[in-house]
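For reference, the structure is listed below as structure tokens.
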Amino acid sequence: MLYVILWLILCVLVGAFASSRGRSFIGYALLAVIISPLIAFIIVAVLGQVDKPATASTDTTSAPQTKKDDSDLDL
């Protein structure tokens, strides 16, 4: 019984480690339950950090400049 509890604690730790690197807590915790916490930990460590996508900014100072259409000009 102690081994099962230790196994599950290690699986939760692998999930937490995966979550801290931007990956799915549940997915990697379940992977650790199925294969092995050690192997799942190695997989997460080798895969590395997930790059977070750029979020939309409300700052208009860095917005791209648009070229003014010349057809608006009265000549």
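Bear in mind that the values in this text are calculations on the coordinates, not laboratory data. Since we're looking at a predicted model, the values are computed, not measured. Please note: Cβ atoms are built from the backbone with ideal geometry, for glycine as well, and neighbour counts cover all protein chains shown.
Here are the numbers:
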read-out	value
Residue order, fewest to most beta carbons within 10 Å, for VAL33, VAL44, VAL4, VAL14	VAL4, VAL33, VAL44, VAL14
Rounded to whole Hz, the Karplus (6.51, -1.76, 1.60) HN-Hα couplings of region 20-35, x for glycine and proline	5, 9, x, 10, 6, 4, 5, x, 7, 5, 5, 4, 5, 5, 6, 9
